Amino acid sequence: MNIFEARNIVKAYGNFTALNNVTVSIPENTIYGLLGPNGAGKTTLIRIMNQILAPDQGQLFFKNRALKPDDVFEMGYLPEERGLYKKMKVGEQSLYLARLKGMTKNDALKKLKYWFEKFEIQSWWDKKVEELSKGMAQKVQFIITILHDPKFLIFDEPFSGFDPINATLMRDEILNLKAQGATIILSTHNMSSVEELCDNITLINKSRGVLEGEVREIQNRYKADIFEISYVGESSLFQKSLNSKFELLEQNEKKGIFSAKVKNVMASRDNELLSLILPNVHVTSFHEVLPSMNDIFIKVVESSNLNN
Amino acid sequence: MSIIGPILFAAMFVIPIWVATRESDVVKNIAVIDSSKFLNKIPDSKYIKFYYQPGINITDYKKDWKKYKQYDAVLFIPNIIINVPSSVQLISNEQLNIGLITHIASALEKDLTEQKLQSYGIKDLDQIIESSKTKVNIQTINITETGEKESDVGVNMGLGYMLGLLIYMFIFMFGAQVMRGVIEEKTNRIVEIIISSVKPFQLMMGKVLGIALVVLTQISFWIIMTAILVTFAKLVFMPDVDISQIQANSQSVMSPAGSVSNTQTATPSMNISETQKAFQKIDAIPFVKIIGWFIFFFIGGYLLYGSFFAAIGSVVDTETDTQQFMLPITIPLILGLFVMFYTLNNHDSSIAFWFSMIPLTSPIVMMARIPFGAPNSEIILSAIILIVTFIGAIWVAGKIYRTGILIYGKKIGYKEIYKWIKYKH
């Protein structure tokens, strides 16, 4: 089931078209990556999902029915441009923002207590926001976003401003939320976190959706039939054993262990490569190289720019 | 601020008058070289002392001027003064105050006039002049449905001035507060978090109305404080008059205190003192009507300008960028203030009428007209125009606001804003 669907969304600001016929379907209980270069229209799409903006054309569905204004209470949003009132105290402000999401005071206090204890930040309660570092403020914002137990979450660049320890903490929390049944939209330029966290992605470039699908499936789609082989033995013997169906792309040696990248030029069976080299060298590892999301991102964006 | 507010406002009205009428408290010593030979000595005042230098003329002084350095100024009266009154000179190396000059001029004028009159040789001239002097004091009476009341042009002017100025100040102060609040939310980057829960229009109106309620609480507090002070002052200055009686007549907002009626020990043949007269004049003011309209015009004017201020705040990134947008707001406000000053002297002129109808100036100008008894039909017409305008202004401001708050780091011009107003949301 798709928890959220946006069909044929068009949004223009005057003469500038921010989204041109974009369609996304977000399956329930997945982490969905929203990718694209700066200015592609990601933030506009997110704001339309949040009902901050209304689309010029297109339909929006939440839980298989038309999106309605009250649905914002079931959503959590961590915007890329985020901040807090500087002069207000952390606790007071968290409570205020939680109540804006429709929580009762008691409920909000109980939940805040739980999260402040979990993140070990109880001592910040009476501090003013201006006394916090950027990373500390980000933690508070993260808590505010998830406090009302939304089943649909949108994180726009959630890891920016965090040190590696806190970034890991956030990553674990996001996975935790998914384990508890939430659906998460992750908009980020950090491709390694996309590979690590996302089940599905949509890539938007120049106001249009240019790539959509499951991460593993996309990686398979864009693989170049390249294998990485580690072996011990004579590199000349290794090279001799390859026939015209296989092309050696690069090879390097570290402490007597060779690492070679070989392209399966004729799309032959993978086992054939293995049977060619096995008699000549001692193979320690053999695996197919999948393209990184980073490479796919660059490749797709560049080719779609050429097509325009 | 809530307690010292009324004191500050009172000071704002009293201090300029006090400063203007105050005599210098430093004694000025003036040397007088009188070559006229026929004028009387100018009388000393508390802070001005005159020292006549007999037998010295202007040439002696010029030769020997260092001798007179102990004096603050030297007054030279030439003998041609009877024909050329402008020939009097006051020589000093410092800037002299206007009070001193006025004192000397009026003394000389009086003396010269008397001497000239005497030169006509009319018998008993003094008595003739004295008996022909007449001072006219006009009592102004306002006739209303509830009967006639003594009113006072001075009190009405003072009230009109105060009310108009207060509206002007409140619109500026609290409008700017709205604008700063919007800019703060924008620069803090909290605005996007909030508008994912509430609609931008709700956020804007929440800010505008929230500040309005704070101000109204403040004003009601001041009114109650003032009412208590006035009631107390009445008890002190005119304990013989039944206060509840006056309150019933004047429809005053003051709540009659239970203990007050005990002080009623009126003597039948009581002379009404000046203080009591003053209080009667104050009682003649229809406070309920004035306060009611004041609150209405304040809210109306504030909503109109407050929504403009909110829109400006949403367009800019910092307070320093607001300048170019502030001008179109500041000009009608200041114009309103100047027309208000004019209205105090010409409250039934056509300028006063039109500017009390134009919604950008009506809250200030109409408040200056109401104490003079502007017709209810005109007040209501002005109120309706104001309501229609502020609804329109809020609608336009809302459109600017919802686009503006999400735009950062871009210099926005009027053309761009016009486009936003046309966007469909």
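Is there a residue being within 14 Å of another protein chain (Cβ to nearest Cβ), over 19 Å from A:Phe142 (Cα atoms), part of a strand (DSSP E or B) and in contact (Cβ under 8 Å) with a residue 40 or more places away in the chain anywhere in region A:42-57? Yes, the conditions are met somewhere in region A:42-57. For beta carbons closer than 7 Å, sequence separation of 6+ or different chains, a first residue in region A:253-270 that is at pLDDT below 80 and a second that is assigned to a loop (DSSP other than H, G, I, E, B), the qualifying pairs are A:Met266/A:Lys245; A:Ala267/A:Asp225; A:Ser268/A:Lys245. Answer yes or no as to whether B:Met204 is open to solvent by less than 30 Å² (accessible area, probe 1.4 Å), modelled with pLDDT of 90 or more and either in a helix (DSSP H, G or I) or among the hydrophobic types (A, V, I, L, M, F, W, C) (or both). Yes; evaluated as a whole, the condition is true for this residue. Can you tell me which residues in region A:74-90 are facing another protein chain (nearest Cβ under 8 Å) and either out of contact with any helix residue (DSSP H, G or I) (no Cβ under 9 Å at 6 or more places or on another chain) or open to solvent by 80 Å² or more (accessible area, probe 1.4 Å) (or both)? The one that is facing another protein chain (nearest Cβ under 8 Å) and either out of contact with any helix residue (DSSP H, G or I) (no Cβ under 9 Å at 6 or more places or on another chain) or open to solvent by 80 Å² or more (accessible area, probe 1.4 Å) (or both): A:Lys86.
Residue count for region B:183-228, restricted to those that are within 13 Å of another protein chain (Cβ to nearest Cβ), touching a residue at least 60 places away in the same chain (Cβ under 8 Å) and β-branched (Val, Ile, Thr): 4.
Hey, which of the helices (runs of 4 or more DSSP H) in region B:47-132, taking only ones fully inside, have at least 1 residues that are surrounded by 15 or more Cβ atoms within 10 Å (Cβ to Cβ) and not charged (D, E, K, R)? Before the answer, list the steps.
Details: elements: B:58-63, B:98-119, B:125-132.
So the answer is B:58-63, B:98-119.
Taking (1) away from every other protein chain (no Cβ under 13 Å); (2) surrounded by fewer than 18 Cβ atoms within 10 Å (Cβ to Cβ); (3) of a type outside the set (A, V, I, L, M, F, W, C) in turn, A:Thr188 satisfies each apart from (2). Going through (1) open to solvent by less than 60 Å² (accessible area, probe 1.4 Å); (2) farther than 22 Å from A:Leu177 by Cβ; (3) within 14 Å of chain B (Cβ to nearest Cβ) one by one, A:Lys68 falls short only on (1).
Looking at A:Ser133, A:Ser94, which is the one that is out of contact with any helix residue (DSSP H, G or I) (no Cβ under 9 Å at 6 or more places or on another chain) and among the hydroxyl-bearing types (Ser, Thr, Tyr)? First the steps, then the outcome.
Working: A:Ser94 fails: out of contact with any helix residue (DSSP H, G or I) (no Cβ under 9 Å at 6 or more places or on another chain).
Within the list A:Ser133, A:Ser94, the selection yields A:Ser133.
The set of residues from region B:163-189 being modelled with pLDDT of 90 or more and closer than 17 Å to A:Leu100 by Cα comprises just one member, B:Glu185. Could you list, in sequence order, the residues of region A:124-145 that are outside any helix (DSSP H, G or I) and either surrounded by 18 or more Cβ atoms within 10 Å (Cβ to Cβ) or of a type in the set (Lys, Arg) (or both)? Scanning region A:124-145 gives A:Lys127, A:Lys128, A:Leu132.
For B:Thr403, are the conditions met, namely being surrounded by 15 or more Cβ atoms within 10 Å (Cβ to Cβ), more than 31 Å from the chain's Cα centre (by Cα) and polar (S, T, N, Q)? Criteria met by B:Thr403. Once region A:91-107 is narrowed to residues that are within 13 Å of chain B (Cβ to nearest Cβ) and assigned to a helix (DSSP H, G or I), the residue that is most open to solvent (accessible area, probe 1.4 Å) is A:Arg99.
Picking from B:Gly292, B:Gly336, which residue would you name as being within 17 Å of B:Met162 (Cα to Cα) and open to solvent by less than 10 Å² (accessible area, probe 1.4 Å)? Reasoning before the result, please.
Details: B:Gly292 fails: open to solvent by less than 10 Å² (accessible area, probe 1.4 Å).
Residue meeting the stated conditions: B:Gly336.
The values are calculated or read from the model by the stated rules, or taken from the named source; none is laboratory data. As the structure is a prediction and not an experimental result, all values here were calculated from the model. A quick note on method: Cβ atoms are made from the backbone with ideal geometry, for glycine too, and the neighbour counts reach across all protein chains shown. Keep in mind that these areas ignore ligands, DNA and RNA; they rest on the heavy atoms of the full protein, side chains included. Shrake-Rupley method; radii C 1.70, N 1.55, O 1.52, S 1.80 Å.
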